Amino acid sequence: MIEKLKYIFYFIVLLLVQTLILDQVCVSVYVNAFVYILFIMTLPIDTNKYLALLLGLLMGLCVDLFNSTLGLHASAGLLVAFVRTFALDIYSPHDGYENNKQLSVRNYGFGWFLKYAITIILIHHLWIFLFESMTFANILFTLAKVCVSSLTSLAVILLFHLLLMSRK
Amino acid sequence: MRNLLDFVVKYAYFILFILLEVLCLVLFFSANPYQRYEFATSANVVTGAIAEKWAGVVQYMSLSDENEALKKENADLRNRLEAYRRSSIPVLGKKGFEYIPASVISATTNREKNSITVNAGRNAGMESEMGVIGRDGVVGIVSSVSDKYAVIMPIIHPDARISVKLAENGYFGSLSWNGRDVRVATFSEVPGYVDVRIGDEIVTSGFSAIFPEGIPVGYVKSFEKDLSTDFYTIDVELYTDFHNIKYVYAVRNNNKEEIKASDDKTQKKK
């Protein structure tokens, strides 16, 4: 029960940080930070994978409602939840995951988290920016945005991961 | 049949993912900026209210700057009023343009499809497809409205088209945005024989009935002539700073119905 409340808390905090702070701070067209995917990334390892899909969709939909971009983040959140299953498999540690251990830097190490986060962030950002531009014509511009924004997102995600999720 | 069932069971996860993804894509592509369901935008009751509360907190920090800016604008308006009084130009009667003030509660500028949410909606007289101007010039067009909030499609949105002209000689064309620089938009359709100079002012043309004529938009930053079509492509430095936009005015054109009716009549005669 407490575990569930903790994830509801993460959901709300990350949603509000995303929509009220990150989406309002506009540095440049190249710099977009998306922290909301941290919620989907760190769902417990034993989360039902269908439930994870729905939670990814729900998170994206909520971001869409604040941004008037119906469908964009919903589809991206869904994709992250889908890709997560495979990313977790690929990066599985030697002795596997433990059900009651949160997917975090503290439990599985910084290197593991970095690999996992970068994979998910790159896929998510590529999806979002290709979608937004809806064309391959400006592919260099889009890729530049993906690279710069991925770095920004990685920094913000690490920050919030350590702030919110590292305490016991 | 059995095979089909086996298939569905085996790939249920993948099938669910694809179905939900298709649903998202349908939502995304069917969303016309002017006909969105209001609950699906930031103008809906819940997200609108949250954004408004938050904007209230943030605004405290810039209150004195904002006051200063408002004072300046007030003084400027007084001067213009005085100029009007002295001149003998007949002021438009009851039917003309009306301005609806609104505060910005949320805005994005680093997206390809940017939006601005303001705290005035249908109850304040907002309607979709009204022009919106700010302290320095044109901001955008109202795209969707709820009772208390409205979403504005700013100039810096790929679907925004605004009819503008060169202030000096009246040659007109349309203004659009290429998705890169928040301060620069593209003014096209100006014929190659026109004399364009860097620094020339660009204002609204007043043809579309969305904006009054002569609202400042920006100035010519650079231009290029396309030799094959003999038309200019002009980069316009926008007056409105979308990074720092606190309040706006929506423009209500009280003659819009009549203009539309007469347009329709002409169309029919043809």
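No lab work stands behind these numbers, since they all come straight from the coordinates. Keep in mind that this is a model prediction, so the values were computed, not measured. When we count neighbours, we look across all protein chains shown, and the Cβ atoms used for this are built from the backbone with ideal geometry, even at glycine.
List the chymotrypsin sites (Phe, Trp or Tyr not before Pro) within the range A:1-90 that fall in a DSSP loop (any state other than H, G, I, E or B) and whose Cβ has at most 13 other Cβ atoms within 10 Å.
Listed in order of number, the matching sites amount to none.
Place a +1 charge on the Cβ of each Lys and Arg in chain B and a -1 charge on the Cβ of each Asp and Glu, then give the dipole magnitude about the Cα centre in debye, rounded to the nearest 20.
760 debye
Quick one: length gained pulling B:K265 to B:D159 fully straight, 0.36 nm per residue minus the C-alpha distance?
Result: 35.3 nm gained on full extension.
Quick one: Cα centre-to-centre distance for the range B:187-208 and the range A:48-75, in angstrom?
One Cα centre to the other: 43 Å.
Work out the length of the dipole vector of the protein assembly as shown about its Cα centre, built from +1 on the beta-carbon of each Lys and Arg and -1 on the beta-carbon of each Asp and Glu, and round it to the nearest 20 debye.
Roughly 820 debye, rounded to the nearest 20.
Given the -39500 (n - 2.57) contribution per DSSP H run of 4+ residues, what per-residue ellipticity at 222 nm results for chain B, rounded to the nearest 500 deg cm²/dmol?
-10000 deg cm²/dmol
Across bins of 10 angstrom width beginning at 0, how are the C-alpha pair distances of chain B distributed, in whole percent?
Per 10 Å bin, starting at zero, the Cα-Cα P(r) for chain B comes out as 6, 23, 30, 22, 10, 5, 3, 1, 0 percent.
Given the options B:Y232, B:W177, B:V190, identify the residue whose Cα lies farthest towards the positive end of the charge dipole of the range B:125-250 (+1 on Cβ of Lys, Arg; -1 on Cβ of Asp, Glu).
Looking along the dipole axis, the top candidate is B:W177.
Quick one: Karplus J couplings for the range A:58-67, per residue in order, coefficients 6.51, -1.76, 1.60, θ = phi - 60°, nearest Hz, x for Gly and Pro?
5, 4, x, 4, 5, 4, 4, 5, 6, 9
When Cβ neighbours within 10 Å are restricted to other protein chains, what is their mean count per residue of peptide B:179-192?
1
What ranking of B:E224, A:E132 emerges when the number of other C-beta atoms within 10 Å of each C-beta is taken as an exposure proxy, fewest first?
Starting with the residue having the fewest Cβ neighbours, the order is B:E224, A:E132.
Compute a Gaussian network model of chain A, connecting alpha carbons closer than 10 Å, and tell me which residue from A:L15, A:L51, A:L126 fluctuates the most.
Comparing A:L15, A:L51, A:L126 in the GNM, the peak value goes to A:L51.
Sorting B:T240, A:T47, B:T41 on the 10 Å Cβ count, fewest up front, what's the list?
A:T47, B:T240, B:T41
Within 10 Å of each residue's Cβ, count the other Cβ atoms and sort A:D23, B:D6 from fewest upward.
Ordered from fewest to most neighbouring Cβ atoms within 10 Å, A:D23, B:D6 come out as B:D6, A:D23.
Spin-label point model (7 Å from Cα, Cβ direction): what's the B:E73 to B:L227 distance in nm?
Placing both labels 7 Å along Cα→Cβ, they lie 4.7 nm apart.
Per-residue ellipticity at 222 nm for chain A, helices alone: DSSP H runs ≥ 4 residues times -39500 (n - 2.57), over residue total, nearest 500 deg cm²/dmol?
After summing the helix terms and dividing by residue count, I get -22500 deg cm²/dmol.
Based on the Cα gyration tensor of the range A:12-168, what are the three equivalent ellipsoid semi-axes, each the root of five times an eigenvalue, rounded to whole Å and given largest first?
With the √(5λ) rule applied to the range A:12-168, the semi-axes are 25, 16, 16 Å.
Would you mind giving the mean number of other chain beta-carbons within 10 Å of the Cβ of each residue in B:9-21, as a whole number?
Across B:9-21, the average partner-chain Cβ count within 10 Å equals 3.
How many partner chain Cβ atoms sit within 10 Å of a residue's Cβ in peptide A:73-80, on average, as a whole number?
4
Tell me the label-point distance for the pair B:N3, B:E213, using the 7 Å Cα-to-Cβ offset, in nm and rounded to one decimal.
7.3 nm
If you wrap a convex hull around the alpha carbons of the range B:162-238, what volume per residue comes out, as a whole number of Å³?
It is 85 Å³ per residue.
What's the extension gain from A:L159 to A:F136 if we count 0.36 nm per residue and subtract their Cα-Cα distance?
5.0 nm
With the crude spin-label approximation of a point 7 Å out along Cα→Cβ, what separation in nm comes out for A:I118 versus A:C147?
Distance between the two pseudo-spin positions: 1.4 nm.
Please compute the Kirkwood hydrodynamic radius over the protein assembly as shown, one decimal place, Å, based on all pairs of different Cα atoms.
Over the protein assembly as shown, the inverse of the mean reciprocal pair distance is 24.2 Å.
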